[in-house]
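To keep things clear, I will list the structure first and then write my remarks on it.
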């Protein structure tokens, strides 16, 4: 039997992880819009950084999901290329946006299937946190953007879903919540990808729930329940009841609701 070296094993693990991420989002394609209020909030903040009139512009919506923002970009006059890792998500985007001024492409943010200098703008909201090395997709975004264009992204930072993480820690030592990068790692990734002319805005956004189960339902409903390194079959009904109990420590008495806090980084890269 031929031995597998560490690099080969790492590559196979990365491919398997991407396939699992694509499968998770694919399963959620039909339910995504029902559970994506937070994602729409963040995307609207990013969209506000673009011109109201994009007539004559070619825009890549990287990690387009169901095409909610692709549709708005097209409504501003842009020719839009929708790219997503998940084919079922692309099918939902096609149903929403149609064919006029639109193109659909399955692909990976870490290896974009486009030649250099193809787009006036690249728009990517809450997709890059699924990449292992942020510098790689940022470098790809820079590569495919025309000189004088802009690449815009939003991603989650360390501290996101901290209430959920702390509640799970009271129950077991397994990984139930994804880890997110600290801000200094975003700055390092920007430097490594030679995105030197950039501006970052930070936002702490709280989404309120009546139960921890409602939060978990939203995460599953958008396909964000894939956790790298998690063993399968760990979450039993008993554990979910325990989680609900532990999460009560965060309930705000004056509102009677449970917070889910997200630390968001919005970035504009000028090329």
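Any read-out appearing in this document is the output of simple, stated calculations on the displayed coordinates, not a laboratory observation. Only a predicted model underlies this, so the values are computations on that prediction, with no experimental measurement involved.
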| remark: Most fluctuating of 209, 104, 32 in the GNM of the chain (C-alpha, under 10 Å) is 209
| task | For the chain, calculate the relative contact order in percent as a whole number, restricting contacts to Cα pairs under 8 Å that are 6 or more residues apart. | result | 21
| Evaluated at q = 0.33 Å⁻¹: base-10 log I(q)/I(0), Debye formula over Cα of segment 16-60 | -1.06
| remark: Rounded to whole angstroms and listed largest first, the alpha-carbon spread of segment 49-199 along its three principal axes comes to 53, 36, 27
| Counting DSSP beta bridges with both partners in the chain, what percentage is antiparallel, nearest 5? | 50
| Three semi-axes of the equivalent ellipsoid, segment 37-82, Cα gyration tensor, whole Å, largest first | 17, 12, 8
| Roughly speaking, what is the centre-to-centre gap between segment 88-162 and segment 238-271 when only Cα atoms are used, to the nearest Å? | 26
| request: Report, in deg cm²/dmol and to the nearest 500, the calculated mean residue ellipticity at 222 nm for the chain, where each DSSP H run with n ≥ 4 adds -39500 (n - 2.57) and the sum is divided by the residue count. | output: -11500 deg cm²/dmol
| In degrees from 0 to 90, rounded to the nearest 10, what is the angle of the helix 212-222 Cα long axis to the longest principal axis of the chain? | 30
| query | Just the Cα atoms of the chain, one point each, no solvent: what log10 I(q)/I(0) does Debye give at q = 0.07, 0.13, 0.16, 0.17 Å⁻¹? | reply | -0.26, -0.89, -1.28, -1.41
| Which three extents, in whole angstrom, do the alpha-carbon atoms of segment 140-271 cover along their principal axes, largest first? | 55, 37, 25
